[in-house]
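Down below is the structure, laid out as structure tokens.
Values in this text are rule-based calculations from the coordinates and carry no lab data. Because the structure is predicted, anything quoted here is derived from the model rather than measured. As a convention, Cβ positions derive from the backbone with ideal geometry for all residues, glycine included, and neighbour counts pool all protein chains shown.
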Amino acid sequence: MSNGHSRVEQALRALLQESPTLEVSKARRLGPDWHMREALLVLDYADRLSFVVERPEELPRIEPKVGGALPISWIPQSSDAPRERIKIECPDPDLRSTFLSLVGEVLDRVDEKHGTVYLEVSKVVDDWHRALQSGKAGLSRQALIGLFGELVVLREVVRLRGTDAVSLWRGPQGHRHDFSQLNALEVKTYGGTGSPKVTIHGAYQLDPPSGHELHLLSLRVEESDEGETIADIVRELSAAGASSDLLRERVDDEEPLVLDDSLRLVVTERRLHLVSDEFPGLRASRLDSASLKGVDRLSYQLLLDACPDALPEDEQRRVLESL
């Protein structure tokens, strides 16, 4: 769990043990060591949670794009608080985990940059807003399903190897496989109940790294009210120390990180294959240069039932550990 997320959860636990009244809300300081009073986590009598942050005198008012779900108001100066403060409220208990993740990321950035909570609030909210807008801009359902599958596997890698393992995922400079260091792992996610098939992109996606192994992990998913969203997994990764800011460093504009919170999915089946010489599919290593000349954006569907038998389920941990 990240330091910021741990601090905000600890503050909430302390607040829940107290009893706010109509006249007096309860608060816990969340500011940095050098200015603890700069930020407060506040719980009122109606069980509404708020993040209250001082505005430095030299800085103008900010308007974070949090939308109607997290109302913003301004608290004027008083004898107890000589500076104006911005209040971001979370009235909906169902949004509390999202709210805590947002506050936790703000605190992590303050610790990292030794800046002010006030400035980092605006930056974090704007980053989250851009990610949400990217999703609304038209990322296809299949692209969301594919991102979901990659994040499911990333979460498992982080659990096994810590947050440094985020560097094994993708990379903004282009990537042949979804996860790689020495060995590589390609993740494919698909839906439906028919014969399982996944889309292979390009002639290089099934070519193993030179001298090392490539595995193909195929996840079948289906929609379910009991499932998870992409935003749920990103929040969990953020709580583990892999902030959404860190995750965005691994993506590009063509395949962005989108904090979708509407499509709920559950993994119903996994198939893990070693991409050996006998494994089917097109590969650049088996074709001469003339065969690929003039070919652009090659993609085709691979029938999983035509592949060799899947590896035992307990092999998945070994594969993730040996990337």
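Relative to the longest principal axis of the Cα atoms of the chain, helix 117-136 runs at roughly 40 degrees. Taking each residue as 0.36 nm, the span from SER322 to SER276 lengthens on full extension beyond its C-alpha to C-alpha distance by 14.9 nm. Rounded to whole numbers, the Karplus 3J(HN,Hα) couplings from phi for segment 268-276 are 9, 7, 10, 10, 10, 10, 7, 7, 8 Hz, using 6.51 cos²θ - 1.76 cosθ + 1.60 with θ = phi - 60°, and x at Gly and Pro.
A DSSP coil position with no more than 15 other Cβ atoms inside 10 Å describes the following chymotrypsin sites (Phe, Trp or Tyr not before Pro) in segment 1-103: TRP34, TYR45.
Available extension along the chain between GLU223 and SER285 is 18.6 nm, counting 0.36 nm per residue and deducting the alpha carbon span.
The GluC sites (Glu not before Pro) of segment 234-323 meeting both criteria, a DSSP state outside H, G, I, E and B (loop) and at most 16 other C-beta atoms within 10 angstrom of the site's C-beta, are GLU249, GLU254, GLU278, GLU313. On a 0 to 90 degree scale, rounded to 10, what angle separates helix 3-16 from the longest Cα axis of the chain? Tilt of helix 3-16: around 50 degrees. For the chain, a simple Cβ point-charge model (Lys and Arg +1, Asp and Glu -1, everything else neutral) yields a dipole of about 320 debye relative to the Cα centre. Its residue count N sets the reference 2.2 N^0.38 Å, and the alpha-carbon radius of gyration of segment 140-321 equals 1.02 times that reference. The angle between the Cα long axis of helix 230-239 and the main principal axis of the chain comes to about 60°, on a 0 to 90 degree scale.
Less than 5 angstrom separates the built amide H of GLU269 from those of ARG220, all sequence-distant by 5 or more or on a different chain.
The residue among THR98, LEU272, PRO71 whose Cα reaches farthest toward the positive pole of the charge dipole of the chain, with charges on the beta-carbon of Lys, Arg, Asp and Glu, is PRO71. Across the options GLY227, HIS175, VAL121, the greatest Cα extent toward the positive end of the charge dipole of the chain (unit charges at beta carbon of Lys, Arg, Asp, Glu) belongs to VAL121.
At q = 0.06, 0.13, 0.15, 0.16 Å⁻¹ the log10 of I(q)/I(0) for the chain amounts to -0.27, -0.97, -1.18, -1.30, computed by Debye summation with a single uniform scatterer per C-alpha, solvent ignored. Full extension of the chain between ASP305 and SER73 gives 77.8 nm of extra length, using 0.36 nm per residue less the Cα-Cα distance. Averaging 1/r across all pairs of distinct Cα atoms in segment 3-135 and inverting the result yields a Kirkwood radius of 15.1 Å. Label sites at HIS201 and ASP261, each approximated as a point 7 angstrom past Cα along Cα to Cβ, lie 2.7 nm apart. The charge dipole of segment 3-135, taken about its Cα centre with unit charges on the Cβ atoms of Lys, Arg (+1), Asp and Glu (-1) only, comes to about 0 debye.
For the chain, the longest piece that avoids every one of the trypsin sites (Lys or Arg not before Pro) found in DSSP loops with at most 11 other C-beta atoms within 10 Å covers 62-292.
Computed over the chain with a Gaussian network model linking Cα atoms closer than 10 Å, the most mobile of ASP277, ASP47, ASP111 is ASP277. Projection of the Cα convex hull of segment 167-212, averaged over all directions and equal to a quarter of that hull's surface, yields 4.2 nm².
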